[in-house]
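Read through the structure below, which is laid out as structure tokens, and then see the notes.
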Amino acid sequence: MLKKSRIEKYKIIDSFMKKFLAGFKSIYASVSSSQIYRNLRYKAKVSPYLINLYLRNIEEINDSQNRKWRVIRREYRRNGIRITLKKI
């Protein structure tokens, strides 16, 4: 089995976020690093460090239904990062 590069794992996290945000019906969404890790732990072998790096740098994202989301709040917690997004 070939080892995935950091860029490939970053793309996996991004595609998961797009699908995850498409399920939200309200104009606000809250996502934590532990939620992402719980879903991608076995499938993609993504590290918690890489997830935190992704959440620290994200500003805007489009979901799979082409709706635009913007980060309005970031909480740095002891066990990871939680971001709150608002639909534009």
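The values are calculated or read from the model by the stated rules, or taken from the named source; none is laboratory data. The structure presented is a predicted model; accordingly, all values stated were derived computationally and were not measured. All Cβ positions, glycine included, derive from the backbone under ideal geometry; neighbour counts span all protein chains shown.
Is it the case that residue 24 is of a type in the set (Phe, Trp, Tyr) and either in contact (Cβ under 8 Å) with a residue 60 or more places away in the chain or part of a loop (DSSP other than H, G, I, E, B) (or both)?
Working: of a type in the set (Phe, Trp, Tyr): yes; either in contact (Cβ under 8 Å) with a residue 60 or more places away in the chain or part of a loop (DSSP other than H, G, I, E, B) (or both): yes.
Yes.
Restricting attention to region 38-68, and to residues there that are assigned to a loop (DSSP other than H, G, I, E, B) and surrounded by fewer than 17 Cβ atoms within 10 Å (Cβ to Cβ), which single residue is modelled with the lowest pLDDT?
Among those that are assigned to a loop (DSSP other than H, G, I, E, B) and surrounded by fewer than 17 Cβ atoms within 10 Å (Cβ to Cβ), it is 45.
Take the residues in region 69-86 that are basic (Lys, Arg) and modelled with pLDDT of 95 or more; name whichever of them is nearest to residue 30 (Cα to Cα).
82
Among the residues of region 41-68, which ones are more than 14 Å from residue 30 (Cα to Cα) and either touching a His at 6+ places or on another chain (Cβ under 6 Å) or among the β-branched types (Val, Ile, Thr) (or both)?
Matches in region 41-68: 46, 51.
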